Amino acid sequence: MSNHYYNAPDLAKFGAIGEFQKELADSFFSWYGKVFNEGALSAREKSIIALAVAHAVQCPYCIDAYSTDAVEKGYNQAQMMEAVHVAAAIRGGASLVHGVQMMNKVKEISM
């Protein structure tokens, strides 16, 4: 099976997303570029945030892109893995806190 839904070379094609809707793609890329400019957070800080979020949303393209970006911006392996653990902890906690909703419902229907 050589066909996969995720094809790493497709990441390089992301800029062509405007082929079917140029105006919206141009707006997105303009906004996206501004988001990652220096601001209250440095471009370096934004890179590690993006790496963590990429893992939380499980985007393989984003993981590839921001792993590369984080290394280029001077993050080491331990820092990057710690960011992944932060994302995993938040994602896990978000699942667990919804357990309160389940508990409330079970208590309601058990009365």
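Every number here is computed from the coordinates shown, using simple stated rules; none is lab data. Computed from a predicted structure; not experimentally measured. For neighbour counting, all protein chains shown are included, and Cβ atoms are generated from backbone atoms with ideal geometry for every residue, glycine included.
When every residue of region 27-34 is checked against the conditions, none turns out to be assigned to a helix (DSSP H, G or I) and either in contact with a Gly (Cβ under 7 Å, 6 or more places away or on another chain) or of a type in the set (A, V, I, L, M) (or both). Checking L41 against (1) outside any helix (DSSP H, G or I); (2) among the hydrophobic types (A, V, I, L, M, F, W, C); (3) exposed (fewer than 11 other Cβ atoms within 10 Å of the Cβ), which test does it fail? L41 satisfies all of (1) outside any helix (DSSP H, G or I); (2) among the hydrophobic types (A, V, I, L, M, F, W, C); (3) exposed (fewer than 11 other Cβ atoms within 10 Å of the Cβ) except (3).
Of all the criteria given as (1) under 22 Å from N7 (Cβ atoms); (2) outside any loop (DSSP other than H, G, I, E, B), the one not satisfied by Q58 is (2).
Close Cβ contacts (under 6 Å, 6 or more residues apart or on different chains) running from residues in region 2-29 that are exposed (fewer than 10 other Cβ atoms within 10 Å of the Cβ) to residues that are not acidic (D, E) are absent. The set of residues from region 53-78 being farther than 17 Å from F36 by Cβ and exposed (fewer than 13 other Cβ atoms within 10 Å of the Cβ) comprises Q58, N76, Q77, A78. With respect to the conditions (1) touching a His at 6+ places or on another chain (Cβ under 6 Å); (2) not in a helix (DSSP H, G or I), A87 falls short on a single one, namely (2). Of everything in region 85-97 that is in contact (Cβ under 8 Å) with a residue 12 or more places away in the chain and surrounded by fewer than 17 Cβ atoms within 10 Å (Cβ to Cβ), the residue that is farthest from A8 (Cα to Cα) is I90. When Y66, Y75, Y6 are checked against the criterion of being touching a Leu at 6+ places or on another chain (Cβ under 9 Å) and not in a helix (DSSP H, G or I), a single residue qualifies: Y75.
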